[in-house]
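The values are calculated or read from the model by the stated rules, or taken from the named source; none is laboratory data. All values derive from a computational prediction rather than experimental measurement. Ideal geometry is used to build each Cβ from the backbone, glycine not excepted, and the neighbour counts take in all protein chains shown. Quick note on the areas: whole protein, heavy atoms, side chains included, nothing else; ligands and nucleic acids left out. Shrake-Rupley method; radii C 1.70, N 1.55, O 1.52, S 1.80 Å.
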Amino acid sequence: MALMISRAATVYSLTQLEGNSDDEGHQHGLTTPVKGFLSAPECAVKDVEGSLLPLYRFPGQDGFLGAKRTRSFGDLYSAVPDVNAPRGLNSPALAYSSEDEFGFGEASMSSGSDSMVVPQMNQVFPQRSLLDTLLLAEWEDRAEQGLFRYDVTACPTKVVPGAYGFIAQCNEGRASKKRPTEFRVDQVSQPFDDTKFNFTKAKQKEVLFQLEPAPGGASPSYSAAAPAPVSPHLVLINVSPIEYGHVLLVPRVVDKIPQLVAPDTLLLALQFAREADNPYFRLSYNSLGAYGTINHLHYQAYYLEAPFAIERAPTAPLAPAASCAAASAAAAAAGRGAGLGRKALSPRAGTPRRAVSIQQLLEYPVRTLVFEAGDSLEELADVVGRACQRLTAANVPHNLLIADCGARVFLYPNCFAERKAKGEIPEDILATQVDPAGWEIAGHIVLKRQEDYATVSQEWAWRLLSYASYPEDRFFQVACLALGGPDHEAGDPAAAGCCGNGLGADGIDTH
């Protein structure tokens with residue numbers, strides 16, 4: 001019998017929290033906030049200036065809330081965790097321990113069987129973060145208002161048998177009710193088009209809250225109603241959700257930034273993940289050409305009570321040429337941080353500050369760069385943001401997954417759309433209508449037909465995703481390009497060749 005994914009418990013409405021005891025109603029020393037207020041719910045976001053909206057302020061300092069946690073879910077050979085294991089009333093997800101890693105132990109899949117032997121595990125249930133509590137409560141409020149196009153909690157979801165634990169969902173609403181793509185798929189950078197859908201056209205009732213940094217080391221704070229500035233950072237619902245708590249982070253919404261990553265906006269996404277402080281909450285980004293469907297900068301995020309397959313795959317150092325570029329990229333980011341006054345010592349008892357580490361994913365169908373923060377989110381945002389800018393300049397479609405509360409970022413160049421345009425994708429794959437974007441490549445595969453959901457297997461998932469991957473030699477060329485190999489600067493199409501291989505600004509040959 002397949003292992004089923006349980007949904008995050010829906011016990012975090014603000015009305016429930018208001019009835020809790022004082023001990024249960026404090027987060028980071030703050031009382032549980034009252035329900036948010038929107039003064040103009042039917043007005044468009046383009047007119048948001050001066051409107052009253054909930055506001056979450058987060059500490060503006062660099063680094064992490066506590067000990068950095070990475071590889072939260074073990075590795076390829078660890079168990080798929082028992083997500084149906086008993087859990088505390090006040091935790092909608094299996095809580096992480098105070099150690100740097102989960103201790104899931106081992107499990108075994110019976111040969112030729114769907115059955116899985118799942119271990120017992122130690123569980124620790126810390127308080128939820130203020131941001132986590134707010135997001136879930138406000139999201140549930142919008143669900144109760146009927147703002148979503150379908151009920152995602154009614155969509156069946158299962159763990160696909162196999163060592164990777166790919167997650168399959170049958171979501172027919174995504175096929176019939178999701179907004180269609182309105183942009184070319186062969187160009188990563190396209191000008192903002194105000195005539196097409198963008199988030200300034202959404203109604204303010206779809207906004208959960210504003211997000212902004214607080215000065216200095218101030219604690220997180222929440223205002224139920226605060227006047228919006230000219231162009232606030234907003235967290236909105238995704239009206240066509242994939243999972244529980246599916247939201248959109250839209251930086252400087254009224255500035256109408258195209259769907260392009262930059263270090264400053266990526267830093268906001270990393271801070272958002274850090275503030276949620278929940279390893280089951282991840283963010284994803286899709287460039288145009290890699291199945292981004294709206295050319296207005298946004299990051300997606302949601303909760304899923306299971307490891308993504310990509311989180312469990314092992315990593316290894318890059319090939320020598322790309323490894324040199326990686327070291328240079330990390331050193332350059334540290335140097336720029338020092339120039340901005342960033343301290344040379346980490347917060348950890350005066351030890352030397354750790355740089356960003358960059359590796360490659362192994363034993364996975366899509367070749368991927370894996371970035372891990374040292375002590376600084378700003379340096380991580382700088383390295384990954386510049387890598388995305390270089391890929392954009394070379395017209396290389398790409399996706400991101402932000403995991404481990406902002407400590408790790410997976411960057412995967414994606415050539416599925418190009419291969420599809422060239423007629424290189426088999427008909428049986430095309431018939432499923434699954435186009436691998438950020439979530440799918442990470443291991444959460446949203447299927448649009450019941451028959452595909454009934455027959456999905458690890459082998460099929462692997463085959464699907466492999467068509468999004470660059471061949472090994474081209475991947476290392478792309479990696480070298482992304483990491484700023486010799487003479488490559490972000491945004492310089494004329495220098496988009498990589499390590500002397502002659503790659504041009506029109507993109508990367510996938511053959």
Pop out the ³J(HN,Hα) list for segment 449-461 in order, Karplus 6.51 cos²θ - 1.76 cosθ + 1.60 with θ = phi - 60°, rounded to Hz; leave Gly and Pro as x.
10, 4, 5, 6, 5, 5, 10, 4, 9, 4, 5, 5, 4
Determine how large the accessible area of HIS398 is when every protein chain is in place; take a 1.4 Å probe and give Å² rounded to the nearest 10.
0
Label-point gap, in nm, between LEU147 and PHE192 - each point 7 angstrom along Cα→Cβ
2.2
Using only the alpha carbons of segment 395-455, what is the convex hull's orientation-averaged projected area in square nanometres?
5.3
For GLN450, placing the label point 7 angstrom along Cα-to-beta-carbon and taking segment 139-174, residues whose amide nitrogen sits under 20 Å are 150-159, 168-174
In order over segment 56-63: 3J(HN,Hα) from phi, Karplus 6.51/-1.76/1.60, θ = phi - 60°, whole Hz, x for each Gly or Pro, gives 10, 10, 10, x, x, 6, 7, x
Efficiency by 1/(1 + (r/R0)^6): what FRET value for SER466 and ALA224, r their Cβ-Cβ distance, R0 = 41 Å, to the nearest 0.05?
0.25
Mean projected area (nm²) of the alpha-carbon convex hull when segment 141-262 is viewed from all directions:
11.5
Pairs LYS256/LYS448; LYS46/LYS205; LYS196/LYS256; LYS46/LYS256; LYS158/LYS420; LYS203/LYS256: which are spaced more than 20 Å apart, C-alpha to C-alpha?
LYS256/LYS448; LYS158/LYS420
